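Read through the structure below, which is laid out as structure tokens, and then see the notes.
The values are calculated or read from the model by the stated rules, or taken from the named source; none is laboratory data. Since the structure is predicted, the reported quantities are computational estimates derived from the model, not experimental observations. All Cβ positions, glycine included, derive from the backbone under ideal geometry; neighbour counts span all protein chains shown. For the accessible areas, the whole protein counts, side chains as well, though only heavy atoms, and no ligand, DNA or RNA atoms are used. Shrake-Rupley method; radii C 1.70, N 1.55, O 1.52, S 1.80 Å.
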Amino acid sequence: MKLGRVVGTVVASRKDEKLEGLRLYMVQDLSLGITGRDSFVVAVDSVGAGVNEVVLYASGSSARQTRETDGRPVDAVIMAIVDTVEVNGAVAYDKTGD
Amino acid sequence: MKLGRVVGTVVASRKDEKLEGLRLYMVQDLSLGITGRDSFVVAVDSVGAGVNEVVLYASGSSARQTRETDGRPVDAVIMAIVDTVEVNGAVAYDKTGD
Amino acid sequence: MKLGRVVGTVVASRKDEKLEGLRLYMVQDLSLGITGRDSFVVAVDSVGAGVNEVVLYASGSSARQTRETDGRPVDAVIMAIVDTVEVNGAVAYDKTGD
Amino acid sequence: MKLGRVVGTVVASRKDEKLEGLRLYMVQDLSLGITGRDSFVVAVDSVGAGVNEVVLYASGSSARQTRETDGRPVDAVIMAIVDTVEVNGAVAYDKTGD
Amino acid sequence: MKLGRVVGTVVASRKDEKLEGLRLYMVQDLSLGITGRDSFVVAVDSVGAGVNEVVLYASGSSARQTRETDGRPVDAVIMAIVDTVEVNGAVAYDKTGD
């Protein structure tokens, strides 16, 4: 999985029928130091994430292993909202102080 | 999924039989600021997209989860035409003003 | 899918039994301007491509959706020989003038 | 598979139900010389790894081929703790002297 | 598939039970000119390859299509030992003169 920050939303009225009802988020990849990278994905939300939250997303066929995404043309899904990240013994991210 | 802009078309008369009838588009990847990147894919269209439109495409096995691509040797499919993208609270892309 | 140019061949006499009878091509990735990139793959040919031709190849599990590659340890397959590529309204590649 | 070093942990209380009970590790990718790279993944642990250990992780659908990860939205799994790595005839990594 | 050179081995005594009995090789990626790149994978051997040999490896779910790797958490498999590579009409690699 990758760590990302929800930085925005995508609206698309014309889409494959299997995408109906899914929320699409812009998710910017994060570095080990929890700063924004240059890359991003558009991911389906399966956990009620909101803009600005740090999340985990899964890619590829694994992105279809949630109830929301099963059998759909979706290759990235947010499956967790991150509370804390610890790197090399220090707190790299803490949601309560974000 | 990734955000891309349809920048062209590919014509191939000699191809695997399972590709018959599919439209093939050149799709340039976009940055968070909705400018063109260096990379691109050739994607099958499942939603009636046209040249110049900003689209979402899915990759890998997820690209075979549409009616058009099921069971075919296709690893990228356009499954939505984007209306708007919002990033960090501002409109990064709006189809009506494109 | 990706656009590539067939630039060579690979011969391997010792291989997994499921690879018997498959032709293996060196395929160099192409840029939007149809010039050679630094990267390449070794792909199985399913359409009778030849050296120097511009082709489309599919990767991952999608590469196993042709008759030649079904159930084999193959992650890249040439599934179309390209006639023309149009980018931004201009002809970027035309096989007849290649 | 890729070689990585477990450098930290991720805690997420709000997550897809299928992630309950899985331990999530920050795993930094390693170079051929067994030094840390810029990239990392968040991987599920299936072998009882600990922080600081050098591990092997599998990605994509292969990450769902362990008892812990089967059918879950997981795209990276630690499936081995590395004892030694030998490169070009020399010991590049030895756990006992790490 | 990708071209790589076997440059070493990985030993891991603590691992997922499905990895028992598999040989794990360090495989460095090669350029079109058959020189070593910066990147590498750890791949399972299915063809009796040895250190220093140039090989083909398959990635992702395709890596599980050999008898040795079926159903295992393995995302890279060596499935051929390369005899010769020809690029742009010239021999880029010949095992007998390696």
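The residues of the stretch C:1-36 that are hydrophobic (A, V, I, L, M, F, W, C) and part of a strand (DSSP E or B), listed by number, are C:Leu3, C:Val6, C:Val7, C:Val10, C:Val11, C:Leu24, C:Met26, C:Val27, C:Leu30. In the stretch A:40-67, what residues are surrounded by fewer than 21 Cβ atoms within 10 Å (Cβ to Cβ) and among the basic types (Lys, Arg)? Of everything in the stretch A:40-67, just one residue is surrounded by fewer than 21 Cβ atoms within 10 Å (Cβ to Cβ) and among the basic types (Lys, Arg), namely A:Arg67. Out of curiosity, is D:Lys95 charged (D, E, K, R), facing chain E (nearest Cβ under 10 Å), under 22 Å from A:Arg37 (Cβ atoms) and out of contact with any His (no Cβ under 9 Å at 6 or more places or on another chain)? Judged against the criteria, D:Lys95 is not a match.
Filtering the stretch B:25-39 to residues that are without any contact (Cβ under 8 Å) to a residue 24 or more places away in the chain and either open to solvent by less than 50 Å² (accessible area, probe 1.4 Å) or over 19 Å from C:Ile34 (Cα atoms) (or both) leaves B:Met26, B:Ser31, B:Thr35, B:Ser39.
Scanning the stretch B:27-54 for residues that are hydrophobic (A, V, I, L, M, F, W, C), under 13 Å from the mean Cα position of the chain (by Cα) and farther than 21 Å from C:Leu30 by Cβ returns B:Val47, B:Ala49, B:Val54. Of all residues in the stretch E:68-89 being open to solvent by 50 Å² or more (accessible area, probe 1.4 Å) and over 16 Å from the mean Cα position of the chain (by Cα), which is farthest from A:Gly60 (Cα to Cα)? Only one residue tops the list, namely E:Gly89. Report yes if some residue within the stretch B:37-46 is touching a Phe, Trp or Tyr at 6+ places or on another chain (Cβ under 8 Å), modelled with pLDDT of 95 or more and in a loop (DSSP other than H, G, I, E, B); otherwise report no. No, that holds for no residue.
Each residue in the stretch C:8-24 was checked for being under 21 Å from C:Lys95 (Cβ atoms) and either open to solvent by less than 10 Å² (accessible area, probe 1.4 Å) or without any contact (Cβ under 8 Å) to a residue 24 or more places away in the chain (or both), and 2 of them qualify. Looking only at residues in the stretch D:1-58 that are within 19 Å of E:Ala43 (Cα to Cα) and among the basic types (Lys, Arg), the one that is nearest to the other protein chains (Cβ to nearest Cβ) is D:Lys2.
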